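Please read the structure below before turning to the comments.
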Amino acid sequence: MRRALAISALLAACAVVAHAAVPTDCWALRKHGHGPEAQACFDSLTRSDDAYFRAEGFWGLQEWEQANEQFRLAADPKDSKALYKVRWGMLLHERFNDADAEGLFKEALEKDLSNAEAYVGLAAVSMDGFDGHAEEYAAKAIALDPKLAEAHELMADIALTNDDRDAAAAEADKAIALESDALDAMAIHAAMELIGDRSPDAWFAKIAAINPSYGEGYELAARQLELHYLYEEAVTYYRKAIEANPRLWSAHSELGVDLMRLGKEDEPYQELELAYNNGYRDAATVNSLRLLDSYKNYETFRDSETILKLDKSEAALLLPYMQPELHRIIAAYSKKYQMTLPGPVQVEVYPNHEDFAVRTTGMPGLGALGVTFGEVVAMDSPSARKPGDFNWGATLWHEMSHVFILTATNHRVPRWFTEGLAVHEEGERSPEWRNRVTPEVLAAIRDKKLLPVEKLDRGFVYPQYPSQVIVSYFEAGSICDYIQEKWGAGKLLDMVHSYAHLTTTPQAIEQNLGLKPEQFDQQYMAWINGKYGTEAANFDAWREKLKALVAADAQKSYGTVAQAGPAALAMYPQYVDDANVYELIADADRAQGDKTGEMAILTAYEHEGGQAPDVLKRLAALEQDAGQSGEAVATLERINYIYPVKNDELHRRLGDLLYAGKQYDAAIREYNALVASNPVDKAGAEFDLAQAYYAAGQKDKAQDSVLAALETAPDYRPAQKLLLELQGPSAKPN
Amino acid sequence: MRRALLAVLVLAMATQARAVTYFVIVAGLGGEPDYVQRFTADANELSRVYTAEGPAAHVTTLTGAQSTAAQLRAALEETAREIKADDDFVLVLIGHGSYDGVEYKFNLVGPDLTAGEIAEMCNHIASKRQLIVVTTSASGGAAPALERPGRAVIAATKSGTEKNATVFARYWVEAFQDPSADTDKSGSVSAMEAFTYATTKTAAFYDSQKRLATEHAVFNDTGSGDPVREAGNGEGLFLSTFTLLRTGASQEAMNDPAKRELLKQKDDLEEKIDMLKYQKPAMDPDDYKKQLTTALVSLAKVQEELEK
């Protein structure tokens, strides 16, 4: 939240008032650290005859309700100044009501189209929401009033968020040139020094010389550190912000959220509660406190390398899958990146997506599936998503790649590269998890919307069109695919090392690949066009064919589907989402009694990365019917990475297949999952597990499970027989 | 099935060996073709499953154009004429329902029937054990009018205000086709087991779709009071003894005088196991396990003897 917005130019027109003090004077006193004088100044404003002055006075005294009321009075007359709405909007922005603030800025612009401050307000709101218009609004403000230092400060902040450090420095310098007390511009410079591993002291000293209690400067730097993955360092600077101004409640809240990101619980709670109790009740504070309260519903599992935090309701089910996978990942990446993590990795798994979103950003509505904060990973549980929407295995490999790359580079890695490498690693783990070209990506390739590598970070942070984040993930991942394909995997590792040595993306590209970024872009674009250009060019034609196939399927014209399907499939084989051609052809094959064809097309769907559990179960049934038990097992095991929860039928079928194939340990895993799924048939599940334990020679566990089965259903004959067998002196499985 | 009621249960089962269950299944007005198809399929499938019980089941099914108030009335009147007090009566209503805040109506071809009218017709049926399963939208609104001692009522929705089309019927039917619904492995599916199965599967359906559940099934089997969502405090006992489908041969042993002593031992052991389970929270875990194992081994041996 940006505070202390300089309003000197803004308020020049209001200098003539009945009292000696005007709002600019009061805010200037506060900005310069003259607290008691500022307080007195604001106090005098509250006694003004002018509602607007009273509003500013109450605002300065942090009497929000009264300030709001006075702004309402001031802005009510039809001929009231646009300024009043702008300032009112800024008050609401500061008090967590961005929706109404945005409305007021727009109303101000209706009164005065050339009001630069209104655009500053809109930019501030957009920055908070990461909605992609922030830069555009800030640029508009600068165009309308090039001498508005605050607009340049905002622009610098936006540029640094996009990791465009040259632009950030230039904009900050402009602000300082316009106003020698542009404290936020100085804080941006300090942040850049920190991100570049240099001392920020000179800049913070300049800030302290103007206002030693300007905690907002440290806070701004800390926020930028977080945006550059430097979570530990951010904690340090939030603490400095609080030290400078212990009543800076926003910093208390942000410190709490940052500490949560680092996997802490007690101190975040104290900081967030302190902020909340002092009236700082933005959504992030409230949501984070609520989430911390819910942690009592989680269970933590530790071993030497991992800390898994799982919701109690699904811990027994997920732990046997996630913990071993985590160990496999750590082993694979340790070997690949030739490094050992300094400590255990904490992975938190949220069955409620909005809890995960709050855990990540303090706010609901996040589109991501997982997020990494250094050695802490937060991610959705498969139960948080619709079956088929999410592959937790791929997400875990993705996030763990971040853990290694952030550690390897000491958190000095641009967003595009760590995301790209993580996407690339998913495909390395399994071709079925590889970077898939979705319709949004095809459209972006067709419309030439891919960003130059040097500017790719901005596609993640401030997207300029709705699907740009998805497109940017694809682009970053495919850039890493391209580097590996053309120069070899070693070059990706070399780039990791380059970033660890604080090189910029242009330098990293040039040093390791021997190309200027522009040359790299040209070659990459040619490669991507060669790979997907035809699909992109034919996208509209493919869509028309798909529509016709869907219509034919609805009319049960299976002959038409079988005939026209393969051509549509060939135009865009990577499409495996809703209404995909694979399923349409499979339906046609089934209707025509062609089980072999149905199995073949569904196998193609599976290998292309199709993830709908029901479709994969259908394939597994066909494979089983065809006597291909091994393939059926492999197909069902894929579903374990997609939707192992609330899926007792999956675990029963897979357990039965594994048991029949004498793979008893794996069968035990599946039957345990079945029991943990709390199925309707609890006795049956326990009995299956008992049999598997018995077959594996684990007699004691078999006895426990068969007792559990009979405790539920004492007359259960097969379980009774097994119990008697187990009671025998030398019980051995048949 | 709850063992605490064992004595009553054994008597009831012995009686049931000679008794018949009268099923009346109605697929109401579907409106849209998809619903017509779905309701008809559910009703026919249910009819097929119950009919497979043989002479112990008397099944009347109304679908499509037959699903009028007059036909339903006629079917219930015929049932009333034939049924004996010891026979069981089951009415299953599949389709759409409506609720205006006061009265529930089951949507039929032509005039609808209110819950009150349906209750009145069922009141003329002499059976002392009745079950009415209303699987429609808004069916919770029907429960108060249908409740009566000796009659259990199951509704797919908790109130008349849950008005979206339901999926409960699909899983009610499935409960009689999926062996896992027989959770106590008794060789039969009780109304309580079918209810538990259907509600679990219904909840899983909405969960898997990431949709807010718009139906929450309830039941009342005490004849008065608000319907509940799960067994406890006296609710659920009657439904647990209400067998809807027999899948095993347990019945035969019950009727063999030569095995009555073994059956007595079996009953005693089952009662002991129930008592142990009841006392479990207050027992030392090792002691509980030991005693449970002993009782279960004895029960298994008795069962082995019974099967000889």
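Since every read-out is calculated from the coordinates, none of them should be taken as a lab result. In this text the structure is predicted, and so the values were computed from the model without any measurement. In this analysis, Cβ positions are derived from the backbone assuming ideal geometry, glycine residues included, and neighbour counts consider all displayed protein chains.
Taking 37 °C and 0.692 mPa s as conditions, region A:38-128 diffuses translationally at an estimated 254 µm²/s according to Stokes-Einstein applied to its Kirkwood radius (Cα pairs).
As a calculated quantity, the FRET efficiency between A:ARG165 and A:HIS607 at R0 = 35 Å, using C-beta atoms, amounts to about 0.20.
Pull out a ≥ b ≥ c, the square roots of the eigenvalues of the alpha-carbon gyration tensor of region A:557-646, then state rounded if a/c is under 1.5, prolate if not and a/b is larger than b/c, and oblate in the remaining case. The shape class here is oblate.
Helices in chain A, meaning DSSP H runs of at least 4 residues, each add -39500 (n - 2.57). Divided by all residues, the mean residue ellipticity at 222 nm is -21000 deg cm²/dmol. Each Lys and Arg Cβ is given +1 and each Asp and Glu Cβ -1; about its Cα centre, chain A then shows a dipole of about 980 debye. Report the FRET efficiency, 1/(1 + (r/R0)^6), for A:ASP577 and B:THR247, where r is their Cβ-Cβ distance and R0 is 45 Å, rounded to 0.05. In this case the efficiency is close to 0.60. Annotation: extensible slack from A:ALA551 through A:ASP700 equals 47.9 nm (criterion: 0.36 nm per residue apart, minus Cα-Cα distance). In order along region A:24-36, the Karplus-derived 3J(HN,Hα) couplings, from 6.51 cos²θ - 1.76 cosθ + 1.60 at θ = phi - 60°, round to 4, 4, 5, 5, 5, 4, 5, 4, 8, x, 8, x, x Hz, and Gly and Pro are given as x. Temperature 25 °C, viscosity 0.890 mPa s: under these conditions the Stokes-Einstein estimate for region A:225-362, based on its Kirkwood radius over C-alpha pairs, is 150 µm² per second. When DSSP beta bridges are restricted to pairs lying wholly in region A:333-444, around 45% turn out antiparallel.
Ignoring the sites themselves, chain A has its longest run without trypsin sites (Lys or Arg not before Pro) in a DSSP loop having at most 14 other Cβ atoms within 10 Å at A:248-447. Out of B:MET121, B:MET192, B:MET275, any idea which swings most in a Gaussian network model of chain B, alpha carbons joined below 10 Å? Judging by the Gaussian network model, the answer is B:MET275. Under the classification rounded if a/c is under 1.5, otherwise prolate if a/b is larger than b/c and oblate if not, where does region A:186-282 fall, given a ≥ b ≥ c as square roots of the Cα gyration tensor eigenvalues? Oblate, because a/c is 1.5 or more while a/b does not exceed b/c. Shape analysis of the protein assembly as shown based on the Cα gyration tensor places the equivalent ellipsoid semi-axes at 63, 36, 30 Å, largest first. Beta bridges from DSSP with both residues in chain B: antiparallel share about 35 percent, rounded to the nearest 5. List the lysines whose alpha-carbon lies under 21 Å from that of A:LYS174, not counting same-chain residues fewer than 8 positions away? Result set, ordered by chain and number: A:LYS31, A:LYS140, A:LYS147, A:LYS206. Counting only alpha carbon atoms, the long axis of helix A:165-178 and the longest principal axis of chain A meet at about 20°. Only DSSP H runs of four or more residues enter the estimate; each adds -39500 (n - 2.57), and after division by the residues of chain B the mean residue ellipticity at 222 nm equals -13500 deg cm²/dmol. Which whole-angstrom value gives the distance between the alpha carbon centres of region A:196-222 and region A:473-499? The distance from the Cα centre of region A:196-222 to that of region A:473-499 comes to 36 Å.
Using a Förster radius of 60 Å, what is the FRET efficiency between A:LEU493 and B:ALA52 based on their Cβ-Cβ separation? Nearest 0.05, please. List each step's numbers first, then the result.
Numbers: r = 67 Å, r/R0 = 1.11.
The formula returns an efficiency of 0.35 here.
Mark the label point 7 Å from the Cα of A:GLU649 along Cα→Cβ and return the residues of region B:201-229 whose backbone N is within less than 18 Å of it. Once the point is set 7 Å along Cα→Cβ of A:GLU649, B:201-211 turn out to lie under 18 Å by backbone N, inside region B:201-229. For a paramagnetic label modelled on B:ALA41 (point 7 Å from Cα along Cα→Cβ), amide N atoms under 19 Å away belong, within region A:618-639, to A:618-619.
Available extension along the chain between B:THR214 and B:LYS128 is 27.6 nm, counting 0.36 nm per residue and deducting the alpha carbon span. Paramagnetic label reach from A:ALA634 (point 7 Å along Cα→Cβ; backbone nitrogen cut-off under 11 Å): within region A:411-450, no residues. Placing dummy labels 7 Å off each Cα toward the beta-carbon, the span from A:GLN62 to B:ASP284 is 6.1 nm.
Quick check of the Kirkwood formula: for region B:3-248, what is the inverse mean of 1/r over all pairs of different Cα atoms, in Å?
On the way: mean 1/r = 0.0567 Å⁻¹.
Answer for region B:3-248: a Kirkwood hydrodynamic radius of 17.7 Å.
A straight line joining the Cα centroids of region B:144-193 and region B:274-298 runs 32 Å.
May I ask you to list the GluC sites (Glu not before Pro) in region A:151-212 that are in a DSSP loop and have at most 12 other Cβ atoms within 10 Å of their Cβ?
Details: sites: A:GLU153, A:GLU171, A:GLU179, A:GLU193; in loops: A:GLU179.
Loop-located and lightly packed - none at all.
Given their separation in residues at 0.36 nm each and the Cα-Cα distance between them, B:ASP86 and B:ASN233 gain 50.3 nm when the chain is fully extended. As a test, work out the antiparallel percent of DSSP beta bridges whose residues both lie in the protein assembly as shown, rounded to the nearest 5. Counting DSSP beta bridges with both partners in the protein assembly as shown, the antiparallel share is about 40 percent. If I fit a long axis through the Cα atoms of helix B:69-82 and take the longest principal axis of the Cα atoms of chain B, what angle between them do I get, 0 to 90°, rounded to 10? Approximately 40 degrees, to the nearest 10. Quick check: the distance between the Cα centres of region A:245-300 and region A:322-347, to the nearest angstrom? Using only Cα atoms, the two centres lie 29 Å from each other.
Each principal axis of the Cα atoms in region A:471-525 has its own extent, and those three values, largest first, are 28, 20, 20 angstrom. Model label sites at A:ASP112 and A:LYS516, defined 7 Å from Cα along the beta-carbon direction, differ in position by 4.6 nm. Amide H to amide H distances under 5 Å link B:ALA57 with B:THR21, where only residues 5 or more positions off or on other chains count and H is placed in the peptide plane. Note on A:LYS486 and A:LYS531: their simple-model spin labels are 1.1 nm apart, each label 7 Å out from Cα toward Cβ. Angle of helix B:33-51 to the longest C-alpha principal axis of chain B, folded into 0 to 90 degrees and rounded to 10: 40°.
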